[in-house]
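A.B. asks: First the structure, which I've put down as structure tokens, then a few questions once you've had a look.
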Amino acid sequence: MDTFRERQQQASVNPAGYLAQLSQGVRVIWYFFFFLVSGFCGILYELVWLRLAMAQFGVTTPLVSIVLSMFMAGLGLGSWAAAAFIRRYEERINFPPAAPVCPV
């Protein structure tokens, strides 16, 4: 296990390696942040559509079912498209955790 002093010495010996490690951790945090914001926007978008449809047609079971099924279909279509993109440009993508993101 590395102590802070060992990491500090390593950084003074190989600053590029230390910066690469640090930037990779920051990159993972950014991916998490973008997935979180994207998911929030998707749910918010679904909620707006549902509220608008309820205001227009009233609260009915078929209406809620249609909006929810279209939202889920969009998630499935996006997952399929992302998997096709990753398969097509697999050798050019420098993102090893791409396989668990798109298991299709």
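A.B. asks: Which ones in the range 41-81 are assigned to a helix (DSSP H, G or I) and either on the phi > 0 side of the Ramachandran plot or of a type in the set (Lys, Arg) (or both)?
C.D. replies: Here is the first cut: in the range 41-81, the residues assigned to a helix (DSSP H, G or I) are 41-57, 61-81.
Of everything in the range 41-81, just one residue is assigned to a helix (DSSP H, G or I) and either on the phi > 0 side of the Ramachandran plot or of a type in the set (Lys, Arg) (or both), namely 51.
A.B. asks: What pairs come out if I take residues in the range 35-56 that are exposed (fewer than 11 other Cβ atoms within 10 Å of the Cβ) and pair them with residues that are outside any helix (DSSP H, G or I) and basic (Lys, Arg) whose C-beta lies under 8 Å away, six or more apart or interchain?
C.D. replies: Every condition considered, no pair remains.
Every number here is computed from the coordinates shown, using simple stated rules; none is lab data. Remember, it's a predicted structure, so these values are computed and weren't measured experimentally. Note: ideal-geometry Cβ built from the backbone for every residue, glycine included; neighbour counts use all protein chains shown.
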